[in-house]
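The values are calculated or read from the model by the stated rules, or taken from the named source; none is laboratory data. Remember, it's a predicted structure, so these values are computed and weren't measured experimentally. No Cβ is skipped: glycine too gets one built from the backbone with ideal geometry, and neighbour counts run over all protein chains shown.
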Amino acid sequence: MNGLSPGTLLRGLMRVLAFAAAWALIQSALLATLMPPFSTWTRLALVLLPAVIIAFWLVRWSLFRNQKASRFSFFVAPATCALFLAIGLAVFTTGALGSLDGTVQKLFHTKRTPAVGLTEEPKLRHRLFLTGAKLDILRALPHTGRAQILNYDVHGYLYSNIQFLFREIFVDQSYFFPDDSQHPFVIDCGSHIGMSILYAKTLYPGASVMGFEPAPGTFELLRENIRRNGLKDVVLYNKAVADKEGRMTFYGDNSVTASLIKGRDPGDAIEVEVVRLSNYIDRPVSFLKLDVEGAETLVLGDLVASSKLRMVKYMTIEYHHHIDRNADDFSGFLKMLEDGGFGYQLETSPEPFKNRSYQDIMIYAYRK
């Protein structure tokens, strides 16, 4: 009788199901490595566990069928173990396990608390998680980075730089702001390669954005990222913002800490064009992002002196405390916000106490 017997069909079906189960086990183990409750070594063991199980069953199937292990089994089993060992070591050595902790905690936390911004959409939250996982692996590569962030093609200096910006902007949503019009006017001071602009256009596709970036090399990447992704209603200026017009020395050139303040970055110094931000505000500003590496006091002072601060509704300001180790004027900065009718929330990373140590302080300001 030609054809397959019911027993053969059943064995074939069982093997297909076994391989499907093994593949599901692999995916589950890889996902488990990202979960915060496990220690690093536990996660590494979870990555390797499927390899051991699959290798065992490959050899067992071969013995059961042929009474001896086939060459196929003895080639595939060690290869499978080697593959998962390589994955485990790569994840372990690049530090991806540690850096993914915050991303996982942040995105999973939104399941238990009211989500805001991009995390309000479950599908988008899932895509953010997958993008973060991919960037954590890619950041081990030393060359210039090019990454896919949601629907955007992004070029940067290094994968590690893109990964840092993605985590800060798209996961932590440091530049989130509410707006009912869906067509807000956003001013982005310190645009760098444009990740914050991409975030604003993701949050509000109809937004009009004005971006300032003084570093020439970084500005070229910024302009290319905006052009390549076809963003409309985005105006870019290769200028720094301060409290005067003219030219000033810019320290650090294209680094993420490049600044008009000498103590912020020890890199090469160049001359850049400087403008007063107040001269560019001629209509209500829904959101102002101010990340200018120490020049924020100059910019805010200009907005106060020109009475343009009253035209701003929301702000996220990165205050760079103790660039000058002996300068303690944070209270004066907050006083300008209070006198301007703003309330604010503060956020900073806890660190061991040390006199005169540098500190980034995020200020989320809102008009009362």
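Numbers at a glance
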item	result
Within the stretch 138-157, considering residues that are at pLDDT 80 or above and surrounded by fewer than 18 Cβ atoms within 10 Å (Cβ to Cβ), the one farthest from T202 (Cα to Cα)	R146
Residue match in the stretch 357-366 (condition: more than 20 Å from T218 (Cβ to Cβ) and among the polar types (S, T, N, Q))	yes
Helices (runs of 4 or more DSSP H) lying entirely in the stretch 128-229 (those with 2 or more residues that are of a type in the set (F, W, Y) and assigned by TED's automatic domain parsing to the domain that holds V116)	159-166
Residue count for the stretch 218-250, restricted to those that are of a type outside the set (S, T, N, Q) and surrounded by 14 or more Cβ atoms within 10 Å (Cβ to Cβ)	19
Those residues of the stretch 166-189 which are among the aliphatic types (A, V, I, L, M), more than 20 Å from S208 (Cα to Cα) and surrounded by 22 or more Cβ atoms within 10 Å (Cβ to Cβ), in sequence order	none
